[in-house]
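The values are calculated or read from the model by the stated rules, or taken from the named source; none is laboratory data. Fair warning: this is a prediction, and the values are worked out from it, not measured in the lab. Positions of Cβ are generated from backbone atoms using ideal geometry, with glycine treated the same way; all protein chains shown enter the neighbour counts.
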């Protein structure tokens, strides 16, 4: 009888764990996507939640100026690279990282953070690998859904974040 109760207990824990995972995905407010590219032999991917504008003022509104933003929705946005790369002036060793940004009216920052697996709003500044400036361009037509891309360029690649009337870019190169 004791073994039967233990088995029921284990099955209950497993059922709750599986249900918790399903419920976590059901709580997502936005669809999720992974963008991938191979830049000079480095396999780079970014997994992120893609919120919609829905008529809202995004930067300086929904996402306040000069405060850390999770750069997406739901779970933290993750960058994975199988080779050492450089994003702007920041050296990023091969591995998995979380991306955050700081929206600003003057100088946007991309934060590469060593903590992974957390909900997007659980930011720990002590885990920052570093920060890099992003080039901001105002778009002529708004982008309804947040889009992150890794584009190939003449030399290396380019990280591109587009949403609302804003496009942010940073060069990506592979460290030799």
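Does segment 58-79 contain any residue that is surrounded by 15 or more Cβ atoms within 10 Å (Cβ to Cβ), touching a helix residue (DSSP H, G or I) at 6+ places or on another chain (Cβ under 7 Å) and modelled with pLDDT of 95 or more?
Scanning segment 58-79, I find no residue that is surrounded by 15 or more Cβ atoms within 10 Å (Cβ to Cβ), touching a helix residue (DSSP H, G or I) at 6+ places or on another chain (Cβ under 7 Å) and modelled with pLDDT of 95 or more, so the answer is no.
Only one of 147, 116, 155, 137 is closer than 21 Å to residue 95 by Cβ and either surrounded by fewer than 16 Cβ atoms within 10 Å (Cβ to Cβ) or free of Cβ contacts under 8 Å to residues at least 60 places away in the same chain (or both). Can you tell me which? So that I can check it myself, show each step before the final result.
Details: 147 fails: closer than 21 Å to residue 95 by Cβ; 155 fails: closer than 21 Å to residue 95 by Cβ; 137 fails: closer than 21 Å to residue 95 by Cβ.
None of the other options fit; the residue is 116.
Say whether the condition of being touching a strand residue (DSSP E or B) at 6+ places or on another chain (Cβ under 7 Å), farther than 15 Å from residue 59 by Cα, assigned by TED's automatic domain parsing to the domain that holds residue 36 and modelled with pLDDT under 95 is met by at least one residue in segment 120-140.
Looking through segment 120-140, at least one residue is touching a strand residue (DSSP E or B) at 6+ places or on another chain (Cβ under 7 Å), farther than 15 Å from residue 59 by Cα, assigned by TED's automatic domain parsing to the domain that holds residue 36 and modelled with pLDDT under 95.
If we scan segment 33-52, do we find a residue that is over 30 Å from residue 174 (Cβ atoms), at pLDDT 95 or above and surrounded by 14 or more Cβ atoms within 10 Å (Cβ to Cβ)? Spell out how you get there, then give the answer.
Here is the first cut: in segment 33-52, the residues over 30 Å from residue 174 (Cβ atoms) are 51-52.
Right, trim to at pLDDT 95 or above and you get 51-52.
Add one more test, that the residue is surrounded by 14 or more Cβ atoms within 10 Å (Cβ to Cβ), and what stays is 51-52.
Yes, the conditions are met somewhere in segment 33-52.
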